[in-house]
Amino acid sequence: MHPAPLAATTRGYPATGYAVENIHYGSVAVVDAGGRLLYASGDPDFMTFTRSALKPFQALPFVLDDGPARFGLTRDELALLCASHSGEDKHVAGVRAILDKIGVDESHLACGCAVPLFYDFTGQPVPPDARFTPVHHNCSGKHSGFLAWCRLHGAPLDNYVAPEHPLQRAVRATLADCVQMDEAQLPTGLDGCSAPNFAMPLARLAHLYARLAQGANDPRLGAAMGDLFDAMTARPDLVSGTERTDLHWMGAGGGDWVAKIGADAVQAIGIRSAGIGIAIKVADGNVRALHPAVYSVLDQLGLLNAERRSLLERYRNPAIKNARGSVAGDIHAVFTLQSA
């Protein structure tokens, strides 16, 4: 099987109409909590680097070892361990609180330094005198959780992102067990924050989120999955940030949906009430095609009532505008889910 057309962009004039300019291919998998494929488009087994959609499961070894309780981490701080945050004041303060509780400082963070995502998503200018440190990086919450695992187990803090470090071996082993694959079947790559990332068939990622959405009802990892689901859905603003898609998806879900985006156009969503997980990958990594595809999946699955449609309308077929703000076309989904 191969990726299929997921979204098209158009270009033209209102008076004469719009023609298709680009087609973005990709794949969709919708899976139930037992791992059964329900619906698909393209290749549901497309081998996909999970990127930041993996974050709740990178925190899982720490949660399984009762780390949050051992260090007195709050539910909000657990949400930050799963976050691709925007570097807003509340995010930075939360990460610093975690580092303080585990007895390290931000010089130990190996994620690098980046301008906060807040400016990209709100359009606000970066202050000319702004100075940023690793806590502003969108992955600093995840890395604080990595360091917490090291402190919990007396593991070296140096080079904790190396694939051979005990922490990363624990993450890989836990993930392989969760998706019921041999570790050697999970391709490993270097993520943007310098931590190892893993690829898996798209349907396996969807299954992870179907299980995460069931929280404490997961038959194998109940309490840990429950803690992660509760933290993420209680504070989607900490998992993401102002004007971010995961904030909007989870907000529309009203505590029933858990969502996490990954770089290069990966999106995973778990729907508790429906007992399903959804995973989407745009093959060329173009994120502008991702959001209309997510909206379309939710719509085709009958998950959008009038209120949710209103909250998420911006993603249905967003306009493409030029530098003057004139509408040049749009982006819209072009696929129909097929029953497995």
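Some points to look at:
- When each of LEU152, LEU99, LEU157 is tested for being touching a residue at least 40 places away in the same chain (Cβ under 8 Å), assigned to a loop (DSSP other than H, G, I, E, B) and over 18 Å from LEU190 (Cα atoms), the lone residue that passes is LEU157.
- Check on GLY285, in a loop (DSSP other than H, G, I, E, B) and farther than 24 Å from LEU81 by Cα: yes
- Segment 220-261 holds no helices (runs of 4 or more DSSP H) entirely within its bounds that carry 2 or more residues that are within 13 Å of the chain's Cα centre (by Cα) and of a type in the set (Asp, Glu).
- Residue in segment 44-53 that is within 18 Å of THR233 (Cβ to Cβ), modelled with pLDDT of 95 or more and not hydrophobic (A, V, I, L, M, F, W, C) present: yes
- Residue in segment 6-27 that is under 28 Å from THR174 (Cβ atoms), touching a residue at least 12 places away in the same chain (Cβ under 8 Å), crowded, with 23+ Cβ neighbours inside 10 Å and hydrophobic (A, V, I, L, M, F, W, C) present: no
- Yes/no for LEU73 being under 21 Å from ASP230 (Cβ atoms), among the aliphatic types (A, V, I, L, M) and either without any contact (Cβ under 8 Å) to a residue 60 or more places away in the chain or outside any helix (DSSP H, G or I) (or both): yes
- Yes/no for LEU208 being in contact with a His (Cβ under 9 Å, 6 or more places away or on another chain) and in a helix (DSSP H, G or I): no
- Filter result (within 26 Å of ALA162 (Cβ to Cβ) and among the charged types (D, E, K, R)) within segment 82-117: ARG96, ASP100, LYS101, ASP105, GLU106
- The condition (being in contact (Cβ under 8 Å) with a residue 12 or more places away in the chain and surrounded by fewer than 19 Cβ atoms within 10 Å (Cβ to Cβ)) is satisfied by just one residue among ALA328, ALA274, ALA265, ALA293: ALA328.
- Of all the residues in segment 3-22, those that are modelled with pLDDT of 95 or more and not in a strand (DSSP E or B) number 1.
- Only listed residue being surrounded by 14 or more Cβ atoms within 10 Å (Cβ to Cβ) and over 21 Å from LEU205 (Cα atoms), chosen from CYS150, CYS139: CYS150
- Residue ID - surrounded by the fewest Cβ atoms within 10 Å (Cβ to Cβ), chosen from residues in segment 28-60 that are small (Gly, Ala, Ser) and touching a Cys at 6+ places or on another chain (Cβ under 9 Å): SER52
The values are calculated or read from the model by the stated rules, or taken from the named source; none is laboratory data. These figures come from a predicted structure and were not determined experimentally. Cβ sites come from the backbone with ideal geometry, for glycine too, and all protein chains shown count toward neighbours.
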